[in-house]
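The structure under discussion appears below in the form of structure tokens.
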Amino acid sequence: MKFLTTVNDIPELTQPNVHIKDKDGLLEKINSILKDGHSKLQIVTDFDHTLTRHQMDSGKIVLTSFGMFKDCPSVPQIYKDEDNRLSDIYKPIEVDHIMTVEEKTKHMIDWYIAAHKLLLGMKFPKQELNEISRNMVQCFRTGVKDLISYTEAHFIPVLVFSAGLGECVVAAMEAANFLLPHVKVISNFLDIDENDTILGIKGEVIHTYNKNEAAIKNTEYYEMVKERNNVILMGDNIGDAGMAEGMDHCDVIIKVGFLGRNVEGNLQNYLNKFDIVLVNDHTVNVVNAILKLML
Ligand SMILES: Nc1nc2c(ncn2[C@@H]2O[C@H](COP(=O)(O)O)[C@@H](O)[C@H]2O)c(=O)[nH]1
Ligand SMILES: [Mg+2]
């Protein structure tokens, strides 16, 4: 069993874009996870702009799962215009670093209710989505393929927890061959009838600020992880830091936050919520480096 004496033992953690508020606390968490090993570990990760990059080297912003849906040619322009109007109102609120989570939650609920109403009666563009998903394969962060392979080889469950559109998350994961048996997706899935007409969203709405593992109770994933007390969590939004709350047995959670927008205004907030903050990093090298220390 490997034991670290300093976080600087991991070269990936010494990079200039890596910010750690409490190095001693992080060192203790990493050593605890190394001691307990693979059988006690689970990965909980956001999808949009976490498993996928925030932007490509060209500067192009990577489509979110809702963005994939909107990119389908048969999706009516009236939906796209109204969705854009709502996004222009609510995305700034979602990433606002002054508003409290309670205040933001109210707005998120308003957004999701309005957004989901827009979908009612539309035809789900299954074929078009397959094409768009193939283009998403290049948009995953560097190293996600290694992370999926490593966790498969060591039977470490991976929960992809998205407040986006479940069908698009699944399509992108399948296109990249990442949707293996140990990987589960929890997201807003659509209720679609036999004529591909959208009837609504299945179950409770998952928005950015209610993503916690209480939402996974009574799911097959919960059964997979109820003995796994240690979590490596990855997210790009402050709300993602709470994804492992609600699991009544978690001992150690290492929270990795990807910060790629409004860095100056958000860095302190992210440092308060995440153990490791990666600024403008398009890889998951830090997480893979921690995993690879586990013998
Ligand atoms: N254009 C829209 N974007 C939306 C809508 N609802 C949510 N979102 C965005 O998706 C992400 C959530 O995905 P996650 O995988 O990061 O949890 C969230 O950050 C919103 O910005 C919508 O109706 N339209
Ligand atoms: Mg996200």
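Could you tell me whether the range 27-39 includes any residue that is farther than 25 Å from ASN212 by Cα and touching a Pro at 6+ places or on another chain (Cβ under 7 Å)?
no
Restricting attention to the range 280-295, which residues are touching a strand residue (DSSP E or B) at 6+ places or on another chain (Cβ under 7 Å) and surrounded by fewer than 18 Cβ atoms within 10 Å (Cβ to Cβ)?
The answer is THR283, and nothing else.
If you take the residues of the range 154-181 that are closer than 18 Å to VAL284 by Cα and of a type in the set (A, V, I, L, M), which of them is nearest to ligand 1 (Cβ to nearest atom)?
Checking each candidate, the answer is VAL160.
Among the residues of the range 223-230, are any surrounded by fewer than 18 Cβ atoms within 10 Å (Cβ to Cβ) and either free of Cβ contacts under 8 Å to residues at least 12 places away in the same chain or within 15 Å of ligand 1 (Cβ to nearest atom) (or both)?
yes
Considering THR151, THR142, which residue is within 16 Å of the chain's Cα centre (by Cα) and touching a residue at least 40 places away in the same chain (Cβ under 8 Å)?
Checking each option against the conditions leaves just THR142.
Which of the following residues is modelled with pLDDT of 95 or more, surrounded by fewer than 17 Cβ atoms within 10 Å (Cβ to Cβ) and not small (Gly, Ala, Ser): ARG85, ARG53?
Of the residues listed, the single one that is modelled with pLDDT of 95 or more, surrounded by fewer than 17 Cβ atoms within 10 Å (Cβ to Cβ) and not small (Gly, Ala, Ser) is ARG85.
Report yes if GLU227 is touching a helix residue (DSSP H, G or I) at 6+ places or on another chain (Cβ under 8 Å), assigned to a loop (DSSP other than H, G, I, E, B) and more than 20 Å from SER39 (Cβ to Cβ), otherwise no.
no
In this structure, does ASP275 turn out to be away from ligand 2 (no atom under 12 Å from the Cβ), free of Cβ contacts under 8 Å to residues at least 24 places away in the same chain and farther than 17 Å from THR52 by Cα?
Judged against the criteria, ASP275 is not a match.
Quick one: what pairs do we get from the range 27-53, first residue under 16 Å from ALA163 (Cα atoms) and among the aliphatic types (A, V, I, L, M), second away from ligand 2 (no atom under 16 Å from the Cβ) and modelled with pLDDT of 95 or more, C-beta under 7 Å, 6+ apart or different chains?
Sorted first by the residue in the range 27-53, then by its partner, the pairs are VAL44/VAL231.
Could we say that LEU159 is surrounded by fewer than 15 Cβ atoms within 10 Å (Cβ to Cβ) and hydrophobic (A, V, I, L, M, F, W, C) here?
no
Across the range 195-212, what is the number of residues that are surrounded by fewer than 17 Cβ atoms within 10 Å (Cβ to Cβ) and either under 12 Å from the mean Cα position of the chain (by Cα) or in a strand (DSSP E or B) (or both)?
Result for the range 195-212: 3.
Name the residues in the range 49-62 that are part of a strand (DSSP E or B), more than 11 Å from the chain's Cα centre (by Cα) and within 12 Å of ligand 1 (Cβ to nearest atom), would you?
Selection gives ILE61 alone.
Scan the range 192-212 for residues that are in contact with a strand residue (DSSP E or B) (Cβ under 7 Å, 6 or more places away or on another chain), within 16 Å of ligand 1 (Cβ to nearest atom) and not polar (S, T, N, Q) and jot them down.
The answer is ILE198, GLY200, ILE201, LYS202, VAL205, ILE206, HIS207, LYS211.
Being within 18 Å of the chain's Cα centre (by Cα) and touching a residue at least 40 places away in the same chain (Cβ under 8 Å) is the filter here, so list the residues in the range 110-137 that pass it.
Result: TYR112, SER133, MET136.
With the condition kept exactly as written, say whether any residue in the range 66-73 is in a helix (DSSP H, G or I), surrounded by 13 or more Cβ atoms within 10 Å (Cβ to Cβ) and more than 16 Å from ligand 2 (Cβ to nearest atom).
yes
If you go through the range 21-48 one residue at a time, how many are surrounded by fewer than 17 Cβ atoms within 10 Å (Cβ to Cβ), out of contact with any helix residue (DSSP H, G or I) (no Cβ under 8 Å at 6 or more places or on another chain), of a type outside the set (Gly, Ala, Ser) and in a helix (DSSP H, G or I)?
Residues in the range 21-48 being surrounded by fewer than 17 Cβ atoms within 10 Å (Cβ to Cβ), out of contact with any helix residue (DSSP H, G or I) (no Cβ under 8 Å at 6 or more places or on another chain), of a type outside the set (Gly, Ala, Ser) and in a helix (DSSP H, G or I): 3 in total.
The values are calculated or read from the model by the stated rules, or taken from the named source; none is laboratory data. Model, not experiment: these values are computed from the prediction. In this analysis, Cβ positions are derived from the backbone assuming ideal geometry, glycine residues included, and neighbour counts consider all displayed protein chains.
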